[in-house]
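Data first, discussion second: the structure below is written as C-alpha cells.
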Amino acid sequence: MMNAGLISIRYAKALYEYALGRNEEQALYQRMQTLSSMLRGIPKLRDTLSSPVVPVKYKKEILREAAGSGPEQSYLDFVRLILKNNREGMLYDIVLSYQTYYRRRKNISIVHLTSARPMSEEMLTRIRRQVEKRTRGDVEFSAHTDPTVGGGFIFQLNDMRLDASVRGQLARLRRLLLASSGIGMRETEHVR
C-alpha cells in the first residue's frame, strides 16, 4: 500500500500540471489557500468530507460552495476525481501539497516574522526586499506581534527558523545550564 504522503504529492503534481495546461494554476493556488484555511479552521468540515455516511453528491456540493463563485474547471475536475477515487480523507493533505508544489515551481518563499512590538512598514519592506533578493523569487510575507517573545524576533523562512527572541535565548540558556549541571529536565519541572 502506498504512503498517504506520496499519494497526496502525486495528486498535487498531477493537479498542478493539469491546471498549468489550462492556465489556471495561479487561480487554483489562491483557491487552495482558501480551501486549506477552511479545512484547518473548521474541523467538522474535514470530518464531514471524510465520513463514509455522507453521500458523494453532498460532498460535491459542499466543495463547490467552499470554492466560492466561479471555480476553475481544474478545481471542479479535481473535486470529481477526489470523490470518484474516495480520497476525501486526504483532501487536506492534497491541498497543502499542491500549495507547496506550486510555491516550489514558482520560486515563492514563505516568511513569518514575529516580534515583541509592531515593526514599521519601512522595516518590513526592507526585510521583504532582502529576502526576495537572496532567494531570487517572490515572498509571501506575514508579520505578527507577540509580546511573550520578550524582545527581539523570530524569523522563519520556509523550513528554516531563526529565534533571536529573549524568550528563545532564555530557553537555550536554561537547557545549557541544566545540561552542564547534570540535572535532567524532569527533575526540574516542578522548579518553574
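Got a sec? How would S109, S120 order by Cβ neighbour count within 10 Å, fewest to most? Spell out each step's value before the answer.
On the way: S109 18, S120 8.
Ranking S109, S120 by Cβ neighbours within 10 Å, fewest first, gives S120, S109.
Using alpha-carbon positions, what is the distance between the centroids of segment 111-126 and segment 36-59, in Å? For segment 111-126 versus segment 36-59, the Cα centre distance is 36 Å.
On full extension of the chain, what length is gained from A14 through I42, given 0.36 nm per residue of separation minus the C-alpha to C-alpha distance?
Values: separation 28, 0.36 × 28 = 10.08 nm, distance 2.66 nm.
Difference between extended and current length: 7.4 nm.
Normalised by the number of residues in the chain, the average gap of Cα pairs under 8 Å and 6 or more apart makes the relative contact order 19 percent. Among T114, T148, T135, the residue with the largest mean-square fluctuation in a Gaussian network model of the chain, with springs joining Cα atoms closer than 10 Å, is T148.
Spin-label pair S51-A164: with each label point 7 Å from Cα along the Cα-Cβ axis, the two points sit 5.0 nm from one another.
For K60, give me every one of the lysines with a C-alpha distance below 26 angstrom, ignoring sequence neighbours fewer than eight places off in its own chain. Reachable lysines: K13, K44, K84.
Of the residues D93, D47, D138, the one that moves most in a GNM of the chain with alpha-carbon contacts below 10 Å is D47. Taken about its Cα centre, segment 107-191 carries a charge dipole of roughly 280 debye when the Cβ of each Lys and Arg holds +1 and the Cβ of each Asp and Glu holds -1.
Quick one: of the DSSP bridges fully inside segment 34-182, what percent are antiparallel, nearest 5? Approximately 55 percent, going by the DSSP bridge assignments.
Quick one: what do you get for segment 107-191 if you divide its Cα Rg by 2.2 N^0.38 Å? Could the numbers behind the result be given before it?
Values: Rg = 16.5 Å, N = 85, 2.2 N^0.38 = 11.9 Å.
Normalised Rg, Cα atoms only: 1.39.
Given +1 at the Cβ of Lys and Arg, -1 at the Cβ of Asp and Glu and no other charges, the dipole of the chain around its Cα centre is 300 debye to the nearest 20.
Remark: spin-label model distance R129-R64 equals 4.8 nm, labels positioned 7 Å along the Cα→Cβ axis.
Taking the Cα centre of segment 4-104 as the origin and placing charges on Cβ (Lys, Arg +1; Asp, Glu -1), which of A19, L63, I82 is farthest toward the positive end of the dipole? About the Cα centre, the residue reaching furthest to the positive side is I82.
Annotation: for a label point projected 7 angstrom from Cα along Cα→Cβ of L76, residues of segment 25-68 with backbone N closer than 19 Å are 25-32, 35, 56-68.
Bear in mind that the values in this text are calculations on the coordinates, not laboratory data. What you see is a predicted model, and the numbers here were worked out from it, not measured in a lab. Every residue, glycine as well, gets a Cβ built from its backbone with ideal geometry; the counts of neighbours run over all protein chains shown.
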